[in-house]
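Every read-out reported here was derived from the displayed coordinates using simple, explicitly stated rules and does not represent laboratory data. For clarity, every value in this text was computed on a predicted model and none was experimentally measured. Quick reminder, even Gly has a Cβ in these numbers, built from the backbone with ideal geometry, and neighbours come from all protein chains shown.
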Amino acid sequence: MTIRRADARDADLLWRILEPTIRAGETWALPRDWSKADALAYWNAPAHEVHVAEIGGEVRGTYFLRPAQLGPGDHVGNAGYMVRPDSWGLGLASAMCRHSIRRAAERGFRAVQFNFVVSTNVRAVELWQRLGFAIIGRSPGAYRHPTLGAVDALMMHRPITDADRTLGE
């Protein structure tokens with residue numbers, strides 16, 4: 001597996017990852033009817049450092065890293081991850097998370113925080129916990145799941161340590 005910075009040539013490949021997740025509406029608080037242009041503008045926002053994960057030269061996952069807040073809150077990073085549905089279970093999310101933590105350490109962030117993890121996304125919650133993230137908050141009924149109705153959203157947090165500079169290498 002290779003993780004590299006995304007570039008303009010990756011737009012169609014990113015859309016192939018983003019579209020099924022956005023349309024499903026089960027794990028991301030993004031409009032389900034977004035166009036390709038809307039989704040790519042969000043994912044590739046100027047504040048986002050975007051990476052892609054490849055297996056055998058084929059892009060199968062992506063993540064972004066950004067400051068969680070501006071000004072006095074910009075020392076905490078925030079990241080978001082998506083994997084093509086046909087590539088679930090291959091370790092991409094774990095590898096991208098480790099890579100993003102290393103990048104966060106390199107950028108001088110003191111922590112990484114996930115601001116809105118859908119509680120019913122059990123695979124992700126368990127993975128983030130295995131990678132050192134703690135649930136530090138819960139917003140009851142904050143997410144309108146398309147089949148389950150109102151479900152909780154979680155805030156998860158992980159401090160950056162000196163060891164994180166080599167995490168995932």
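Where in region 1-91 are there trypsin sites (Lys or Arg not before Pro) that are in a DSSP coil and have at most 12 other Cβ atoms within 10 angstrom of their Cβ?
Arg32
Of the options Pro20, Leu92, Gly57, report the single residue whose Cα projects farthest towards the positive end of the charge dipole of the chain (beta-carbon charges: Lys, Arg +1; Asp, Glu -1).
So the residue furthest toward the plus end is Leu92.
Residues with amide H under 5 Å of His145's amide H, sequence separation 5 or more or different chain, H placed in the peptide plane at 1.01 Å from N; which?
Residues meeting the criterion, in which the H sits 1.01 Å from N, are Ala150, Val151.
If you take the C-alpha gyration tensor of region 95-169, multiply each eigenvalue by 5 and take the square root, what semi-axes do you get, largest first, in whole Å?
Values for region 95-169, descending: 27, 12, 9 Å.
Mind listing P(r) for the chain? All alpha-carbon pairs, 10 Å bins, whole percents.
10, 39, 40, 11, 0
Please list the non-local residues whose amide H lies under 5 Å from the amide H of Asn78, H modeled 1.01 Å from N, same-chain partners needing a gap of 5 or more.
The list, which skips near neighbours in sequence, is Arg66, Ala68, Gln113.
Relative contact order (percent) for the chain, with alpha-carbon contacts under 8 angstrom and 6 or more residues of separation?
Contact order relative to length: 20 percent.
I'd like the distance separating the alpha-carbon centroids of region 13-31 and region 106-144, in whole Å.
Measuring centre to centre over Cα atoms gives 18 Å.
If you take the beta carbon distance between Asp12 and Arg144 as r and set R0 to 25 Å, what does 1/(1 + (r/R0)^6) give as a FRET efficiency, to the nearest 0.05?
According to the calculation, E is roughly 0.25.
Magnitude of the Cβ-charge dipole of region 18-137, K/R +1 and D/E -1, about the Cα centre, nearest 20 debye?
The calculation lands at about 260 debye.
Mind giving me the nanometre distance, one decimal, between the label points for Glu58 and His75, set 7 Å out from Cα along Cα→Cβ?
According to this spin-label approximation, the distance is 4.4 nm.
Say we join alpha carbon atoms closer than 10 Å with springs in a Gaussian network model of the chain; which of Leu70, Leu13, Leu40 then has the biggest fluctuation?
Most flexible of the set in this elastic network: Leu70.
If I model a spin label at Glu19 and Glu126 as a point 7 Å from the Cα along the Cα→Cβ vector, what separation in nanometres do I get?
It is 3.1 nm.
For a test of the definition: using alpha carbon positions, the gyration tensor, and the 1.5 limit on a/c, classify region 36-105 as rounded, prolate or oblate.
Verdict is oblate for region 36-105.
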